[in-house]
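**Student:** Encoded as structure tokens, here's the structure I'll be asking about.
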Amino acid sequence: MYPNFFRTVPDDEMQYVAIAKLLERLKWNWVGILTSDDEYGEREIRHLNKHLSNHGICIEFKILVSKENYNKIPQELRSSTTEVLIICGSVSLYYYQFLYKNVPYHMEKTFILPDSWSMTDIFFILSNCSLVFTFPHLYIEEMLEYFYNIYPSNRPNDPLMEDILISQCGCFSNNQIKNVLIPIIQRSTLTDCDLVTLGLNLYFPDEKTSYRVYIAVYILAQALHDMDFSFKINNKKSEINPHTLKYKVNVQ
């Protein structure tokens, strides 16, 4: 049904390769691995084991954290000699509690964190030294200008603006159901707002997520543009017939 696949985030496999190359470059060939006791964590263990072995890096121990053992202190961690810990798997409250409980045994060690953990800054306080693989996060000038020029008076019929006004500014809505429910949920009162003078102090959204979405959409749009242009040049036609296009994906 879906012969083509397009993803907007890098393959996790690339992170395992990058971690192995980083460790090799720094000559850290003795590491421990902490991961979650689930399918995702077990898959990361398999991939990491393969790439670390290929780069001559030895694994002192592998600890799988779960609801059943998060409040225990593993003997492997207590007696470990490695100074480098790879933290991977699914992020969870249990995982955080496990790390917090074992602070004396990892506080002086260096954490290597994959991209999936880069959004969870709270974990960084548990380690003196953390190296994180993550996307670059940059402010997008066009988006800043867009946010700075949003005024309620310019969007009287925008349903999203209506929700922003009622939830963030406490303004009455045209929807009477919302006028009843929102004060109860937020434990606040609503007032009549003058949309002409009302200004919105919209905060800029999380730059990491925004930049990822921006890059993903931009790449997809550019690819479609290039494909359309190439098709028109090669076939002298103004429209794309999807049934005549064939694609191949090289998997390494």
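**Student:** Looking at ILE219, is it among the β-branched types (Val, Ile, Thr), within 30 Å of THR134 (Cβ to Cβ), exposed (fewer than 14 other Cβ atoms within 10 Å of the Cβ) and at pLDDT 75 or above?
**Tutor:** For ILE219, the condition - among the β-branched types (Val, Ile, Thr), within 30 Å of THR134 (Cβ to Cβ), exposed (fewer than 14 other Cβ atoms within 10 Å of the Cβ) and at pLDDT 75 or above - is met.
**Student:** Taking helices (runs of 4 or more DSSP H) that do not extend beyond the stretch 10-93, which have at least 2 residues that are under 20 Å from TYR105 (Cβ atoms) and open to solvent by 40 Å² or more (accessible area, probe 1.4 Å)?
**Tutor:** On the way: elements: 12-25, 39-54, 75-78.
In the stretch 10-93, 75-78 are the helices (runs of 4 or more DSSP H) which contain 2 or more residues that are under 20 Å from TYR105 (Cβ atoms) and open to solvent by 40 Å² or more (accessible area, probe 1.4 Å).
**Student:** Something else now. Consider only pairs whose beta carbons are under 6 Å apart and that are at least six residues apart or on different chains; among these, list those whose first residue lies in the stretch 31-56 and is under 14 Å from GLN15 (Cβ atoms) and whose second residue is part of a loop (DSSP other than H, G, I, E, B) and open to solvent by 20 Å² or more (accessible area, probe 1.4 Å).
**Tutor:** Final answer for the pair search is TYR40/SER90.
**Student:** Every residue in the stretch 20-72 that is among the aliphatic types (A, V, I, L, M) and within 19 Å of LEU126 (Cβ to Cβ), please.
**Tutor:** Of everything in the stretch 20-72, those that are among the aliphatic types (A, V, I, L, M) and within 19 Å of LEU126 (Cβ to Cβ) turn out to be VAL31, ILE33, LEU34, ILE63, LEU64, VAL65.
**Student:** Looking at (1) modelled with pLDDT of 80 or more; (2) in contact with an Asp or Glu (Cβ under 7 Å, 6 or more places away or on another chain); (3) open to solvent by 70 Å² or more (accessible area, probe 1.4 Å), which is the only condition TYR139 fails?
**Tutor:** Here TYR139 meets the rest and fails (1).
**Student:** Still on this structure, I have one more. Among the residues of the stretch 163-197, count how many are in contact with a Pro (Cβ under 7 Å, 6 or more places away or on another chain) and either part of a loop (DSSP other than H, G, I, E, B) or modelled with pLDDT of 85 or more (or both).
**Tutor:** Result for the stretch 163-197: 3.
**Student:** If the Cβ limit is 8 Å and pairs must be 6+ apart or interchain, which residue in the stretch 61-86 that is farther than 20 Å from ASN29 by Cα and among the small types (Gly, Ala, Ser) pairs with which residue that is modelled with pLDDT of 90 or more and not in a strand (DSSP E or B)?
**Tutor:** As it stands, the answer is SER66/ASP37; SER66/ASP38, since those pairs meet every condition given.
The values are calculated or read from the model by the stated rules, or taken from the named source; none is laboratory data. Quick caveat, the model's predicted, so the values are computed rather than measured. Glycine also receives a Cβ, built like all others from the backbone with ideal geometry; neighbour counts cover every protein chain displayed. Quick note on the areas: whole protein, heavy atoms, side chains included, nothing else; ligands and nucleic acids left out. Shrake-Rupley method; radii C 1.70, N 1.55, O 1.52, S 1.80 Å.
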